[in-house]
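Report on the following structure.
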Protein chains: 2
Amino acid sequence: MPPYQIAVIGGTGPQGKGLAYRFVRSGHRVTIGSRSAERARNTAADIARRVGETASVSGADNAAAAGAADVVLLAVPYKGHAELVASLSARLAGKVLISCVNPLGFDKRGPYGLDVADGSAAEEAQRLAPEAKLAGAFHHLSAVNLWSEAELLDHEDVLVCADDEQAKAVAVELARVVTGRAGIDAGALRLARHLEPLTATLIGINQRYKVRSGIRVAGLEHPR
Amino acid sequence: MPPYQIAVIGGTGPQGKGLAYRFVRSGHRVTIGSRSAERARNTAADIARRVGETASVSGADNAAAAGAADVVLLAVPYKGHAELVASLSARLAGKVLISCVNPLGFDKRGPYGLDVADGSAAEEAQRLAPEAKLAGAFHHLSAVNLWSEAELLDHEDVLVCADDEQAKAVAVELARVVTGRAGIDAGALRLARHLEPLTATLIGINQRYKVRSGIRVAGLEHPR
């Protein structure tokens with residue numbers, strides 16, 4: 001895998017920052033994107049301090065970050081997601097766009113998946129950026145684990161859904177720098193509607209069991 | 001855990017038969033339910049042959065099976081689910097009803113979760129059997145592994161969602177006879193709408209990777 005120029009849109013949030021850190025420490029060049037270029041630069045500086053002299057990481061506003069990248073990771077809250085993707089649409093044309101956006105709600109009964117008219121945030125992004133090469137991935141990783149000193153999150157899996165073969169291949173390979181294993185081909189992009197809200201279940205488990213949970217697909221080590 | 005009298009509605013199908021086998025071999029008394037009492041008895045005989053002299057397993061039509069049970073497991077295809085649950089409603093009153101029903105569709109792009117007006121099959125069952133004590137559980141276990149000689153499916157987890165505390169507790173404990181570990185409290189019954197269609201992703205993974213996949217929740221062994 002060549003080093004990519006990766007933009008992490010929403011890279012100042014915990015999921016985006018943690019994934020950016022993992023990408024940077026494995027040798028990719030990352031631009032943190034944020035509405036505020038200054039906050040993006042602060043997060044980039046945090047990551048550079050953690051990774052050390054080899055770090056290639058910078059900060060910019062979301063549009064500049066997306067414009068300069070080969071691969072764009074969408075790691076924004078679902079609130080405001082549609083407007084942001086629409087505003088970046090031209091800059092995303094022809095690029096691999098990986099969404100780890102989780103449309104979640106919270107009420108007194110706990111976290112739950114929001115109803116999304118397009119089925120999922122990933123499918124919404126595909127509608128709003130029709131020339132982007134979409135994959136859904138990296139939804140279920142513990143943000144705390146991502147930003148930890150752990151070499152790999154090798155007890156967790158990355159599930160990848162995509163219709164575009166290039167986007168799927170990039171996300172499957174990028175997963176290696178996080179978990180030490182290729183991401184799992186979980187099927188068509190439409191399955192993002194089941195993968196995204198699974199995060200609600202994991203957050204509830206974290207609250208009840210006082211853990212940092214993730215998903216592992218059992219049985220892969222024993223082909224039939 | 002006392003031995004329960006468990007009815008497995010749809011117990012002639014692979015998921016129901018496999019779970020029934022696991023329950024019987026751990027000492028529970030099971031009645032296989034089916035539209036055809038004869039087919040139910042044939043499946044019960046298959047299980048008895050596998051388990052041996054200690055087996056307490058019989059077959060009956062679905063209504064008789066449900067009527068005689070303390071705990072009812074719904075393991076039917078989603079097609080016909082609503083009519084069946086409505087027909088059993090009176091017999092389910094006051095009983096723990098565990099649904100492992102997966103509303104799935106299949107087309108040329110693979111398996112996917114069906115849209116269910118109530119959100120999930122489990123919530124549909126609760127609406128149609130309002131006095132039953134509902135839990136959703138056992139959705140993701142490989143039917144082939146269930147019907148295997150393996151002592152335990154200890155690489156897989158059982159995720160349990162329920163609003164009723166008794167139903168949740170019974171399903172969490174019953175999981176032990178399958179996986180060797182308590183089921184995981186995955187939250188409120190409404191989360192069944194995310195757990196059920198996850199089976200579509202697993203079936204797709206089985207097809208692509210030639211495996212028998214299941215779900216494991218990572219991170220539970222390390223409380224914060």
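Derivation of every value follows stated rules applied to the coordinates shown; laboratory data play no part. Owing to the predicted nature of the structure, the values given are computational and were not obtained by experimental measurement. A quick note on method: Cβ atoms are made from the backbone with ideal geometry, for glycine too, and the neighbour counts reach across all protein chains shown.
Pairs of Lys residues in the protein assembly as shown that lie 8 or more places apart, or on two chains, and have C-alpha atoms under 18 angstrom apart add up to 6. Compared with the rule-of-thumb size 2.2 N^0.38 Å for a compact globular protein, chain B has a Cα radius of gyration ratio of 0.94.
Close amide H partners of residue B:99, meaning residues 5 or more places away or on another chain with modelled amide H under 5 Å apart, are B:74, B:135, B:136, B:137. Look at where the Cα atoms of the range A:148-217 and of the range B:52-98 average out, and the two centres are 36 Å apart. With its label point put 7 Å out from Cα toward Cβ, residue A:42 sits 7.0 nm from the same residue's point in the other copies, in order from shortest. Here each label is just a point 7 Å from Cα along the line to Cβ, and for residue A:176 and residue A:5 those points are 2.3 nm apart. Pairwise Cα distances in the range A:18-150 exceed 24 Å for 31 percent of all pairs. Closest approach to the axis carrying B onto A, counted by Cβ on chain B and given in whole Å with its residue, is B:216, 2. Given in Å, the Rg to one decimal and the Dmax to the nearest whole number for the Cα atoms of the protein assembly as shown are 23.1, 73. Counted by Cβ distance under 11 Å from residue A:211, the other residues give a net charge of +3, where Lys and Arg count +1 and Asp and Glu count -1.
Once you charge only the Cβ atoms, +1 for Lys and Arg and -1 for Asp and Glu, what is the size of the charge dipole of the range A:63-109 about its Cα centre, to the nearest 20 debye?
Dipole magnitude for the range A:63-109 comes out near 160 debye.
Ordering B:144, B:19, B:67 by the projection of their Cα atoms onto the charge dipole of the range B:5-209, which places +1 on the Cβ of Lys and Arg and -1 on the Cβ of Asp and Glu, puts B:144 at the extreme positive end.
In this assembly of identical copies, the label point of residue A:27 (Cα plus 7 Å along Cα-to-Cβ) is separated from its counterparts by 5.7 nm, sorted shortest first.
When B:106, B:138 are sorted by how many other C-beta atoms sit within 10 angstrom of their C-beta, beginning with the fewest, the order is B:106, B:138.
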